[in-house]
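Please read the structure below before turning to the comments.
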Amino acid sequence: MKSKILAVPYIVWMIIFTVIPLGLVIFFAFTTQNGNFTFSNIIAMNDYLDVLFRSIEYSVIATVICLILALPVAYLISRLARGKQGTMLMIVILPMWINFLLRTYAWMTLLEENGLINRFLGLFNLGPFNLINNSGAVILGMIYNYIPFMILPLYSVMTKIDKSVIEAAQDLGCSGFHILTKIILPLSKQGISTGIITVFVPSVSTFIISRMLGGGTNDLIGDIIEAQFLGNSYNPHLGSAMAIVLMVIVILIMSLFNQFGSEEAVI
Amino acid sequence: MKKNFVLLITLLLMLALFSGCPRNNIHSSSDFSAVNNAENKSNSNTVSMENSKNSSQSVNSINRDDVNMDTILTTLDKSMLSEYDYSKLKNQNVTLNVCNWGEYMAVNQDDYFDVNKEFEKLTGIKVNYKTFATNEELYSKLKSGGGDYDIVIPSDYMISKMIKEGLIQKLDFDNIPNFSYIDKKFVGLEYDPENEYSVPYTWGIVCIVYNKKMVKKEITGWCDLWDDANDNNILMFNNPRDAFGIALTYLGYSQNTEDKRELEEAASTLKQQKNLVQAYVMDEIFDKIGGESSAIAPYYAGDVQTMIDENPNLDFCIPKEGTNKFVDAACIPTAAKNKEAAEMYINFLNEVQVAYANCDYLCYSTPHTGVYSLFDEKTKANPLRCPPDDYLNEKTEVFINLSDETNAYTQELWNQIKIEKSKSPWLVPAFLLISIALTFFLNIRRSRKKKQDIF
């Protein structure tokens, strides 16, 4: 009983600032400017289907690369001595102390045709390479900004893997590769699914990364939604419809990965 | 061996960093103006004798002699104020909410005239200053009732849209006597024909900024933005109104056309240009042009002046085909709570000294005759700050508010340029349904499984 009372402030908060606005978004998505019911906003989304699929494609690529990069890092950190773990984690989180916009802005000055990277390569008479204003730069921006969200849940699961489990496997003659696939990965499944969600969800809806690093030719669905509310094509109804479509996709992905997590818990 | 290799890489990286340092190509416009101010100030303080000589040399500007040019950019000179009762709302705890473009007023700069602080000191009214990034953002703030502002400074076409929708109210010009300073050329323009709603704040034209070292040919006008010689070095506006304005002028049509055929033609020209364009940008232009990553771009005159002052390799071109003239003006929203204080603020903005300090900070052109007569000869001769009258009359156009259909159609064309379209209209709804069904299926299966496990 007591625990329920303690939750009241948060529930009130959630109703006022999450449930009601969500209802408004749904209301907007299915009405015209005069308040009549319509499907036209959802159908108008067709024009932006390519952008939507591009956003999903980019964020899937970013999530997969994040996962591949984060797995060894998280594992190595979790195997360190306690004191060192704290330091290493701090290094992982360190970039997040700096404002998100500034971090992305910094990549602009690195990747530009006259940026630091091209100038460094220029010392060896290489380049200049076209590093910015393409899809690669956008995906790089996503990976850079969201990789801590992958490392942290992986790390927190992996620290719980007992060293003796791995030693036991080694004792029984398990090869290094099989330790990874049969022990470490299955035991950190929960962390993987959390990490995938925490990276995929913000990257599929990001808008400023694509604007700054994509040069305005790689617009993602987040950019288009932003333009409906604050930009030149002011149309909150269409923007809401887009937000709903995006939300459905996110919920789908989340329940997909929750599935794996819970199956693991059952076994 | 490995360690040595790592050391070598670190060393090289550091080297590269150092080689990058002296270039120092990142300056926000505010940084620049702060530096500029400091320079101005040291000049005027240490060489004040020379300065007074200089100002006496500029014979035709009588005003310049009457005014203390040493301190005009630092503190308010009460003797320069017009006759106006600025103290009538003192001690009444009035707060004024001002919403202006970002980086569009002299505020919060060290050792420089601060419009809001001086206004607060003079009147006892507290100013709550906020900024917006696009006209549409301001529009959505006013339209949704979220913005509780007493003063807004939108651009021409947005003003006429706001008038049409009743978002801004008529001004009482008896409370704004300094309106008499406004040049008659800027009174009663298309967006506010009777000039009942707005007081012009700044104006300017859209022109071309380019890098003298990077372009291969002489730059003359918009045609150079479609020239293969500048392939992958062109930046373009990332908003449909300005982009279509340029394309329409390039084709010889009116920027305010509502003719679908002309708009379609402009769209196909823009599509052609897309292969040459390096990026579609707005404010990112400062880094890309300033850092010499791109060679040529259209932008607003005041900002072009700022970029040129920063990088001597840059130059400007006033397009021969004609261009867009924009006017930003102060207005009072219908929902404003302190109309009287707001009118006092507008009047204060048009005090000669305040307008001069603002203008000096912004580098935009001014509609204020008092400020114009304070300009030195160099500024008056600069076509970026003071474009010649003939050109303005014959070659420039002010945006007016277009019909909703035209706006929607332009937006549609713009989307076609930037993103490809798909055909079937039922793809998204079908996709949505499948997604929702799948989500339900997954969740139900999961909860069933859980139940099974419990038993």
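Would you confirm, using the coordinates I've provided, whether A:MET158 is in contact (Cβ under 8 Å) with a residue 60 or more places away in the chain, of a type in the set (A, V, I, L, M) and within 14 Å of chain B (Cβ to nearest Cβ)?
Values: in contact (Cβ under 8 Å) with a residue 60 or more places away in the chain: yes; of a type in the set (A, V, I, L, M): yes; within 14 Å of chain B (Cβ to nearest Cβ): no.
The answer is no for A:MET158.
Condition (residue is of a type in the set (Val, Ile, Thr), assigned to a loop (DSSP other than H, G, I, E, B) and on the phi < 0 side of the Ramachandran plot) applied to region B:202-218: is it met by at least one residue?
yes
Considering only residues that are surrounded by fewer than 18 Cβ atoms within 10 Å (Cβ to Cβ) and within 18 Å of B:LEU89 (Cα to Cα), look in region B:103-121 and name the one that is farthest from the chain's Cα centre (by Cα).
Of everything passing the filter in region B:103-121, B:LYS121 is farthest from the chain's Cα centre (by Cα).
Output the number of residues of region A:42-59 satisfying the condition of being more than 10 Å from every other protein chain (Cβ to nearest Cβ) and buried (at least 17 other Cβ atoms within 10 Å of the Cβ). Outline the logic, then answer.
Quick first cut of region A:42-59, residues more than 10 Å from every other protein chain (Cβ to nearest Cβ) only: A:55-59.
Subset that is buried (at least 17 other Cβ atoms within 10 Å of the Cβ): A:55-56, A:58-59.
Total satisfying the criteria: 4.
Run down B:LYS450, B:LYS418, B:LYS339 and say which single residue is within 11 Å of another protein chain (Cβ to nearest Cβ), touching a residue at least 40 places away in the same chain (Cβ under 8 Å) and of a type in the set (Lys, Arg). Can you show your working first?
Details: B:LYS450 fails: touching a residue at least 40 places away in the same chain (Cβ under 8 Å); B:LYS339 fails: within 11 Å of another protein chain (Cβ to nearest Cβ).
Residue meeting the stated conditions: B:LYS418.
Sort out which residues of region A:200-234 are under 28 Å from A:LEU67 (Cα atoms) and among the hydrophobic types (A, V, I, L, M, F, W, C), and write them in order of number. Spell out how you get there, then give the answer.
Within region A:200-234, the first condition is being under 28 Å from A:LEU67 (Cα atoms), and the residues that meet it are A:200-225.
Passing the criteria: A:PHE200, A:VAL201, A:VAL204, A:PHE207, A:ILE208, A:ILE209, A:MET212, A:LEU213, A:LEU220, A:ILE221, A:ILE224, A:ILE225.
For region B:284-296, which residues satisfy the criterion of being among the hydrophobic types (A, V, I, L, M, F, W, C), within 12 Å of chain A (Cβ to nearest Cβ) and within 15 Å of B:LYS212 (Cα to Cα)? First the steps, then the outcome.
Keep residues of region B:284-296 that are among the hydrophobic types (A, V, I, L, M, F, W, C), which gives B:285-286, B:289, B:295-296.
After this cut, where a residue has to be within 12 Å of chain A (Cβ to nearest Cβ) as well, the list is B:285-286, B:289, B:295.
B:ILE289, B:ALA295 - these are the residues of region B:284-296 that are among the hydrophobic types (A, V, I, L, M, F, W, C), within 12 Å of chain A (Cβ to nearest Cβ) and within 15 Å of B:LYS212 (Cα to Cα).
Looking at region A:21-38 only, could you name the residues that are within 30 Å of the chain's Cα centre (by Cα) and outside any helix (DSSP H, G or I)?
Filtering region A:21-38 for residues within 30 Å of the chain's Cα centre (by Cα) gives A:21-30.
Hit for region A:21-38 is A:PHE30, nothing else.
Are there helices (runs of 4 or more DSSP H) fully within region B:112-196 with at least 3 residues that are closer than 13 Å to B:CYS331 by Cα? List them. Spell out how you get there, then give the answer.
On the way: elements: B:115-123, B:135-143, B:156-164.
Helices (runs of 4 or more DSSP H) meeting the threshold: B:135-143, B:156-164.
So A:LEU220 passes all but one of these: (1) in contact with a Lys or Arg (Cβ under 9 Å, 6 or more places away or on another chain); (2) over 28 Å from B:MET236 (Cα atoms). Which condition number does it fail?
(2)
If the requirement is being outside the structural domain of B:GLU136 (by TED's automatic domain parsing) and under 19 Å from A:ASP219 (Cα atoms), which of these qualifies: B:ALA267, B:ALA247, B:ALA229?
On the way: B:ALA247 fails: under 19 Å from A:ASP219 (Cα atoms); B:ALA229 fails: under 19 Å from A:ASP219 (Cα atoms).
Sole residue among the options that is outside the structural domain of B:GLU136 (by TED's automatic domain parsing) and under 19 Å from A:ASP219 (Cα atoms): B:ALA267.
Could you give every pair whose Cβ atoms fall below 7 Å, whose first residue belongs to region B:386-415 and is β-branched (Val, Ile, Thr), and whose second residue is in a helix (DSSP H, G or I) and buried (at least 17 other Cβ atoms within 10 Å of the Cβ), counting only separations of at least 6 or pairs across chains?
B:VAL398/B:ASP156; B:ILE400/B:TYR157; B:ILE400/B:SER160; B:THR410/B:PRO240; B:THR410/B:PHE244; B:THR410/B:LEU263
Test of understanding: among A:VAL60, A:VAL51, A:VAL25, which residue is modelled with pLDDT of 85 or more and out of contact with any helix residue (DSSP H, G or I) (no Cβ under 6 Å at 6 or more places or on another chain)? Walk me through it before giving the result.
On the way: A:VAL51 fails: out of contact with any helix residue (DSSP H, G or I) (no Cβ under 6 Å at 6 or more places or on another chain); A:VAL25 fails: out of contact with any helix residue (DSSP H, G or I) (no Cβ under 6 Å at 6 or more places or on another chain).
After applying the criteria, what remains is A:VAL60.
Can you name the residue in region A:101-117 that is more than 9 Å from every other protein chain (Cβ to nearest Cβ) and not β-branched (Val, Ile, Thr) and, of all such residues, is farthest from A:LEU220 (Cα to Cα)?
A:LEU110
With respect to the numbered conditions (1) more than 14 Å from chain B (Cβ to nearest Cβ); (2) not in a helix (DSSP H, G or I), which one is the sole condition not fulfilled by A:PRO128?
(1)
So B:TYR210 clears everything in (1) more than 30 Å from B:LEU225 (Cα to Cα); (2) among the hydroxyl-bearing types (Ser, Thr, Tyr); (3) outside the structural domain of B:CYS99 (by TED's automatic domain parsing) except one condition, right? Which one?
If we test B:TYR210 against (1) more than 30 Å from B:LEU225 (Cα to Cα); (2) among the hydroxyl-bearing types (Ser, Thr, Tyr); (3) outside the structural domain of B:CYS99 (by TED's automatic domain parsing), just (1) comes out false.
Name the helices (runs of 4 or more DSSP H) wholly inside region A:185-260 in which the number of residues that are without any contact (Cβ under 8 Å) to a residue 40 or more places away in the chain is 3 or more.
On the way: elements: A:189-204, A:208-214, A:221-229.
Per the criteria, A:221-229.
Taking B:ASN407, is it farther than 30 Å from A:ILE56 by Cα, surrounded by 15 or more Cβ atoms within 10 Å (Cβ to Cβ), at pLDDT below 90 and within 14 Å of another protein chain (Cβ to nearest Cβ)? Step through it out loud before you land on a result.
Values: farther than 30 Å from A:ILE56 by Cα: no; surrounded by 15 or more Cβ atoms within 10 Å (Cβ to Cβ): yes; at pLDDT below 90: yes; within 14 Å of another protein chain (Cβ to nearest Cβ): yes.
The answer is no for B:ASN407.
Across region B:320-346, which residue is surrounded by the most Cβ atoms within 10 Å (Cβ to Cβ) among those that are more than 19 Å from B:ILE159 (Cα to Cα) and among the polar types (S, T, N, Q)?
The residue in question is B:THR323.
The values are calculated or read from the model by the stated rules, or taken from the named source; none is laboratory data. Small disclaimer: the values here were computed from a predicted structure and weren't measured. We place every Cβ from the backbone using ideal geometry, glycine too, and count neighbours over all the protein chains shown.
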